[in-house]
Amino acid sequence: MRAYCFASGQIEFGRSIPDGALPIAVGPSQKLRDFIEPVARHGYHTRLIKGRPTKIPGTDSLLVPGIPEATDQERALDALHAWLDWIKDQAPKGVSVL
């Protein structure tokens, strides 16, 4: 299984990396998910209910920290590389950070 992200910072998992996505890591499916989910930023969409932002069920997503806030693609790439450097030392046996 592979973990990869798009320019938006959204992380997804799949057997192959789609065009336009950047690789993050590779490893057995459950081990890879168990590793990436805690170190990723968690995002979701909200809507106003009675004047308060409220999470919309089913809109959860995993994000590479720093990419959504990046002002340009160069800074987004810097954020990706910094995050990959940070998680590389934490990878469990059988998971390779790319």
Residue in segment 11-29 that is under 10 Å from the mean Cα position of the chain (by Cα), loosely packed, with under 15 Cβ neighbours inside 10 Å and not in a loop (DSSP other than H, G, I, E, B) present: no
Count of residues meeting criterion [within 14 Å of Phe35 (Cα to Cα) and part of a loop (DSSP other than H, G, I, E, B)] in segment 56-97: 8
Top-ranked residue of segment 66-88 - restricted to ones that are under 16 Å from Phe6 (Cβ atoms) and hydrophobic (A, V, I, L, M, F, W, C), ranked as surrounded by the most Cβ atoms within 10 Å (Cβ to Cβ): Ile67
Breaking point among (1) in contact with a Leu (Cβ under 7 Å, 6 or more places away or on another chain); (2) surrounded by 12 or more Cβ atoms within 10 Å (Cβ to Cβ); (3) within 9 Å of Leu62 (Cβ to Cβ), for Tyr4: (3)
Residue match in segment 45-65 (condition: in contact with a Pro (Cβ under 6 Å, 6 or more places away or on another chain) and surrounded by 10 or more Cβ atoms within 10 Å (Cβ to Cβ)): yes
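Any read-out appearing in this document is the output of simple, stated calculations on the displayed coordinates, not a laboratory observation. Everything numeric here is computed off the predicted structure, so don't read it as measured data. Positions of Cβ are generated from backbone atoms using ideal geometry, with glycine treated the same way; all protein chains shown enter the neighbour counts.
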